Structures are given as structure tokens and as C-alpha cells.
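Questions regarding the structure given below will be posed in turn.
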Amino acid sequence: MGRRIAPLTLDNLADLPGPCRSCVFWELDPVRGREAVESGKPELEKESWISAVLLEWGSCGRIVYVDEAPAGFVLYAPPAYVPRSQSFPTSPVSPDAVQLMISRVLPEFQGQGLGRVLVQTVAKDLLGRGFRAIEAFGSAGGERPSCLLPADHLLAVGFKTVRPHHRHPRLRLEARSTLSWKGDVEGALERLLGGARKEPVLRPF
């Protein structure tokens, strides 16, 4: 069973799960996001956003494949590229951090350790680009929008709360702290890749 991680590009954008391909929750502010949905053009807006970030900042996501079938993905960018982040009571994201927007593993591929591997891959990428941390707005309490990561899951994979809130805490993971995961991650890679060393793997939530 072969696994690989690939950078998210316009060429493989269609491999994102259906609802996520047309979701512009993070990419647009609330007004423009609503307009995109009402006009029936959210997928075009998503593609435009990915294109702009790739050109101006560089790689902003990864897709994990299992036997060439998309199994999950992660999307991240500096807060300047994430208009919705300004709408949260616990904003702004710290200037030395990149925002983890969303991460998903399809149900049939969960429980294989992909989440932690994805986080470490993102951290390695960011360290090489001069950022110190990953931050995310978590979802706590009862109702949990699908575009927000559960705060309890973020805590479980090593994030720490830096701005508490009863519904939308902001959490942070120091990128260098993931280096201590090396043994765990290498073990997961060996299990996932069957001993075949491939591009560093990302792990969705």
C-alpha cells in the first residue's frame, strides 16, 4: 500500500474532498464569501485564492494520497492571506506564526497517524521559511462549524492555548517542538510507506 504527500497546486486542487473544493470560509471575508456562494462561484474563488498565494507566498497546502487515492489534506497561510481570521474574538494571529486554516483526513483513512505527520511536515516547511509557530482558531463548546478544527483535538496533538475563549480559543504550536516527534513520526512513516522513503508526509486533523 503506497502513500505519498504532494504540495497543493492548481493541478491537484480537484483532489480535495467535494465540500472543501468549494469552501471559501477562510479565503474570503464574510461578505465576499456569502456573495461567492450566492453567485455560484465559490470554486472559482477558491482557485483564484490558491493561485494568488502560490505566486506571492509559495506552497500553502499538502494532499496525502493512499494508493493514489486522496486521503486528506492540510491548508495553511500567513494571516494576511486569510481574511476570515480577523473576524474572530481571539485574533490576530501572532506575527511570527502561520495560520493552520483547515486539515482533514477522510474517515476511511483515519486512525493511521496521518494527523501528526501532517503537522510536523507543515512545521518543517515553516521553519525553513522563517516562521516560528503554527496557530489555529479552535472550536469549543456545543455547535462546531465544519471549517473549524476542534480545540480538544488541537490540544491533543501538541497545541497550547494562547488566547482563551469559550467558543473560539486561539492555539499555538511552536514549530521546533515538533522535532521531538521524530521517532514517532519515523515509525509512522515506516508503517505508512512500508519502508519506502518519500516526500515528508503531512497529517490532517
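Specify which residue in the list VAL117, GLY128, MET101 is farthest towards the positive end of the charge dipole of the range 100-140, using unit charges on the beta carbon of Lys, Arg (+1) and Asp, Glu (-1), about the Cα centre.
About the Cα centre, the residue reaching furthest to the positive side is GLY128.
Here's something else I'd like to know. Give me the percent of the accessible area of the range 99-168 that comes from carbon and sulfur atoms, probe 1.4 Å, all protein chains in place.
Exposed carbon and sulfur together represent 53 percent of the surface.
Quick check on the chain: helices-only [θ] at 222 nm, where DSSP H runs of length 4 and up contribute -39,500 (n - 2.57) each and the sum goes over total residues. Nearest 500, please.
About -8500 deg cm²/dmol.
Pop out the ³J(HN,Hα) list for the range 48-53 in order, Karplus 6.51 cos²θ - 1.76 cosθ + 1.60 with θ = phi - 60°, rounded to Hz; leave Gly and Pro as x.
Running phi through 6.51 cos²θ - 1.76 cosθ + 1.60 with θ = phi - 60° gives 5, 5, 4, 4, 5, 5 Hz.
With unit charges on the beta carbons (Lys and Arg positive, Asp and Glu negative) and the dipole taken about the Cα centre of the chain, which residue among LEU16, PHE73, PRO169 sits farthest to the positive side?
Projecting each Cα onto the dipole axis, the largest value belongs to PRO169.
Taking 0.36 nm per residue of separation and subtracting the Cα-Cα distance, what length does fully extending LEU10 through CYS147 add?
In short, 47.2 nm is gained.
Here's something else I'd like to know. How far apart, in nm, are two points set 7 Å out from the Cα along the Cα-to-Cβ line at ALA80 and at LEU127?
Between ALA80 and LEU127, the label points sit 2.5 nm apart.
Still on this structure, I have one more. Specify which residue in the list VAL37, ALA52, VAL82 is farthest towards the positive end of the charge dipole of the range 1-138, using unit charges on the beta carbon of Lys, Arg (+1) and Asp, Glu (-1), about the Cα centre.
It is VAL82, whose Cα lies furthest towards the positive end.
Considering only protein heavy atoms, with the full assembly of protein chains and a 1.4 angstrom probe, order SER180, SER103 by accessible area, largest first.
SER180, SER103
Accessible area per residue of the chain at 1.4 Å probe, in Å²?
46
Within the chain, what is the number of lysine pairs with alpha carbons under 20 Å apart, leaving out pairs fewer than eight places apart on the same chain?
5
Could you give the dipole magnitude of the chain about its Cα centre, charging the beta-carbon of Lys and Arg +1 and that of Asp and Glu -1, in debye to the nearest 20?
620
Mind giving me the FRET efficiency for LEU106 and SER48? R0 is 22 Å, r the Cβ-Cβ distance, nearest 0.05 is fine.
In this case the efficiency is close to 0.30.
With every protein chain kept in the model, how would you rank ASP125, ASP11, ASP152 by accessible area, 1.4 Å probe, largest at the top?
I get ASP11, ASP152, ASP125, largest accessible area first.
The values are calculated or read from the model by the stated rules, or taken from the named source; none is laboratory data. Just so it is clear, the model here is predicted, and its values are computed rather than measured. Methodologically, a virtual Cβ is constructed for each residue, glycine included, from the backbone with ideal geometry; neighbour enumeration extends over all protein chains shown. In case anyone asks, the SASA skips ligands and DNA or RNA and just uses the protein heavy atoms, side chains included. Shrake-Rupley method; radii C 1.70, N 1.55, O 1.52, S 1.80 Å.
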